[in-house]
Amino acid sequence: MNAIGAFETKEQPSKVFKILQTVEKELKKAPLFRFGPRTIDLDLLLYGNRVLPNTNAWNVIVHCPLSIVHSSSGVRRSLTTLVLPHPRLHLRRFVLEPLCELLDLKTPHPVLRRPLGSLLAEVKDQQCVKTDLLL
């Protein structure tokens, strides 16, 4: 099950990221394999229009596997590296659909500069079932 939330903070993205990692550790996130099932997975999708580490590095990270190190760009990606916006946000309906319910469809992706609604339209062929929960 996936969910998306929004919040305001004065903390820097790196601090928020560390807090999320701490929560995951306390709840014993332990996938057996990459992208495998896990008890919890907390991602920082967006932080306003911030791009981290920078636009050029973001493009390298998005288009290359995690294990590749690019000496020319100085980019090295590990599972503990904060990348904003989330590097696969624009490829996943289960992320974009609730995000578009939370934000304006015209909100541009900070790097791709395309509206989130347009990105969502491109992944409509992916399966995604909405479930309403009462908390």
Item to check | Qualifying trypsin sites (Lys or Arg not before Pro) for segment 1-48 [loop in DSSP, other Cβ within 10 Å: at most 14] | outcome: LYS10, LYS28, LYS29, ARG34, ARG38
Checklist outcome for this item: Amide H proximity to LEU52 below 5 Å, modelled H, separation 5+ or other chain, gives LEU84
Next on the checklist: Helix-only mean residue ellipticity at 222 nm, the chain, DSSP H runs n ≥ 4 weighted -39,500 (n - 2.57), per residue, nearest 500. What is it?
Outcome noted: -8500 deg cm²/dmol
Checklist entry - Tally Lys/Arg at +1 and Asp/Glu at -1 over every other residue whose Cβ is under 14 Å from the Cβ of HIS109; what's the total? => result +4
Next on the checklist: Here are labelled values, (1) 9.3; (2) 7.7; (3) 8.6, and one is the computed mean projected area of the Cα convex hull in nm² for what I pasted. Which one?
Outcome noted: (1)
Item to check | Candidate lysines for bridging to LYS124, where Cα separation is under 25 Å - those fewer than 8 sequence places away on the same chain excluded | outcome: LYS106
Checklist outcome for this item: Partner lysines whose C-alpha sits under 27 Å from that of LYS18, ignoring same-chain residues fewer than 8 away, are LYS10, LYS28, LYS29
Item to check | Per residue solvent-accessible surface (Å²) - the chain, probe of 1.4 Å | outcome: 71 Å²
Checklist entry - Which residues make up the longest stretch of the chain that has no chymotrypsin sites (Phe, Trp or Tyr not before Pro) in a DSSP loop with at most 14 other Cβ atoms within 10 Å? => result 36-135
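The values are calculated or read from the model by the stated rules, or taken from the named source; none is laboratory data. Just so it is clear, the structure is predicted and the values come from calculations on it, not from any experiment. Note that each Cβ is placed from the backbone with ideal geometry, even for glycine, and that neighbours are counted across all protein chains shown. Calculation scope for accessible area: heavy atoms of the full protein, side chains included, ligands and nucleic acids excluded. Shrake-Rupley method; radii C 1.70, N 1.55, O 1.52, S 1.80 Å.
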